[in-house]
Amino acid sequence: MNWARLRTIAVSLPLALLAVLVLVGVNEMGYKRSAEAVEALGRSHTARASLDQVLQGMLNAETGLRGYLLTGDKSYLRPYEQAVSTINASVRTLQGSYVGQKDLAELSQLIERKLSEMELTLKLRDQDQEAEAWRFVLSTDAGREDMDAIRGVATRMLERSTQQTMHSTEEILHSLTLSRMGIATAAAVGLLAFYLYLRNSRALREADEREQRVLARERDRLEQLVRERTASLSELAHHLQQVREEERAHLARELHDELGALLTAAKLDVARLKARLEPLTPESAERLQHLVDTLNSGIALKRRIIEDLRPSSLSNLGLTASLEILAREFSERSGIPVQARLEQVQLSESAQLTVYRLVQEALTNIGKYANPAHVLVSVENYANHVSVQVRDDGAGFDTAAVGAEAHGLRGMRHRVETEGGRLTVSSAPGEGTLVSAVLPHVAPIPAKAS
């Protein structure tokens, strides 16, 4: 990671983290304040509803009681009893939802006194002997005063609940405003971090592009240098190959001219000596015959060395005849049957020598390592190329395990590639070996029917 990327992270990452922290903090604070305000607002609504139920219950209770007192019909007692039950439940609800304990205590005291008064009036009404007593209680202003006091306290409590509701609503609005400001701030910080990231990313991308262009130019230069060096090495190797072949040809001529002349002269001298010394003793005749045999062996060895250095048959008889002779001599030496399927082909002198050396090296390797039952040598002519194959059914080998010491295969490959061809070697343990080369024509010739 380079310094520019580190600077980008050092600037953008803290800003992004700050934006996240601000957003989370503002949302959390706004949530808590809103939750508290909503809870207070709920209590205010509950308190208002309970106060409304208390006032309505008191009105219903007083109405039902007065109906019973005036008519004596006990059906009026049912609304009275229901109202009393509703009042008690509403007071209990107020105790859990209203925050002003002083007002609540005063209201509870007034309600209890008013209910006690109505209960007393009801008892007096039920006692016939004291009928004038409940009328006296009913005619006094004590009940009206209690109801006015209850309404006053309830009104005060409603106003306080309304204030609490307004305060809770303001708290919610304030929390929403803070949340909006916090989100806007976090968004601004996030946009700033994103802008810095984009700017630094663009700078990094431009730097990377410049670096890639520099690397591409350097790679192209190195590839061009490699191609030039490869071409130079190939040309040098081809030159060394030609020089080696020329040296072989020169050595073959020297052996043929100089050593051949010496051996021939020595053989003629032996013949003259044999003619002059007749009749020969058995020992002398044996010695002369041994000398003649030695000279003949030397002449044969000279010919074989010359053929290995520079096959004369290739220059005198052509590629097809030379390969037939090479296959026949290999079969005679090794005892391995060799089948030759050879077609006339048109190749340059150097390409013909390459094909000859390829088949010669392949047969040498077969004789050393393959131990096959049959060998096939084929040269086939196609429209655009010449195919040369040497196939055996011997031991085979693992081509992936071929090391750097396999100079024979490397030499064959280099010879073929120098002539613009391609060499492939296919083999596996126990499945034989196929050495195949494809070389281009020196000039277009009619296509072979396939």
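The values are calculated or read from the model by the stated rules, or taken from the named source; none is laboratory data. Keep in mind it's a predicted model, so treat the numbers as computed, not measured. Note: ideal-geometry Cβ built from the backbone for every residue, glycine included; neighbour counts use all protein chains shown. These accessible areas exclude ligands, DNA and RNA; they are computed on the full protein's heavy atoms, side chains included. Shrake-Rupley method; radii C 1.70, N 1.55, O 1.52, S 1.80 Å.
Applying the criterion of at least 3 residues that are touching an Asp or Glu at 6+ places or on another chain (Cβ under 7 Å) to the helices (runs of 4 or more DSSP H) found wholly in segment 299-391 leaves 349-365. Checked against the criterion of being within 20 Å of Gly420 (Cβ to Cβ) and either modelled with pLDDT of 90 or more or open to solvent by less than 70 Å² (accessible area, probe 1.4 Å) (or both), segment 366-380 contains one or more residues that satisfy it.
Residues checked against (1) crowded, with 18+ Cβ neighbours inside 10 Å; (2) among the small types (Gly, Ala, Ser); (3) modelled with pLDDT under 75; (4) within 60 Å of the chain's Cα centre (by Cα):
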residue	(1), (2), (3), (4)
Gly67	no, yes, no, no
Glu81	no, no, no, no
Val84	yes, no, no, no
Arg92	no, no, no, no
Gln95	no, no, yes, no
Glu106	no, no, no, no
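Here's the yes/no breakdown for (1) within 55 Å of the chain's Cα centre (by Cα); (2) at pLDDT 75 or above; (3) surrounded by 11 or more Cβ atoms within 10 Å (Cβ to Cβ):
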| site | (1), (2), (3) |
| --- | --- |
| Leu138 | no, no, yes |
| Arg144 | no, no, no |
| Ala149 | no, yes, yes |
| Gly182 | yes, no, yes |
| Tyr197 | yes, no, yes |
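I'd like to know if segment 208-228 contains one or more residues that are at pLDDT below 80 and either surrounded by 11 or more Cβ atoms within 10 Å (Cβ to Cβ) or not aromatic (Phe, Trp, Tyr) (or both). No, because not a single residue in segment 208-228 is at pLDDT below 80 and either surrounded by 11 or more Cβ atoms within 10 Å (Cβ to Cβ) or not aromatic (Phe, Trp, Tyr) (or both).
Picking from residues in segment 108-136 that are among the polar types (S, T, N, Q) and modelled with pLDDT of 75 or more, the one that is surrounded by the fewest Cβ atoms within 10 Å (Cβ to Cβ) is Ser116.
Counting only residues that are free of Cβ contacts under 8 Å to residues at least 12 places away in the same chain, open to solvent by 50 Å² or more (accessible area, probe 1.4 Å) and of a type in the set (A, V, I, L, M, F, W, C), segment 301-330 holds 2 of them. Selection of segment 29-81 for residues being among the hydroxyl-bearing types (Ser, Thr, Tyr) and farther than 18 Å from Arg156 by Cα yields Tyr31, Ser34, Thr63, Tyr68, Thr71, Ser75, Tyr76, Tyr80. Do we have Glu431 as in contact with a helix residue (DSSP H, G or I) (Cβ under 6 Å, 6 or more places away or on another chain) and over 17 Å from Arg341 (Cβ atoms) here? No; evaluated as a whole, the condition is false for this residue. Among residues of segment 28-54 being touching an Asp or Glu at 6+ places or on another chain (Cβ under 8 Å) and not small (Gly, Ala, Ser), the one that is surrounded by the most Cβ atoms within 10 Å (Cβ to Cβ) is Arg33.
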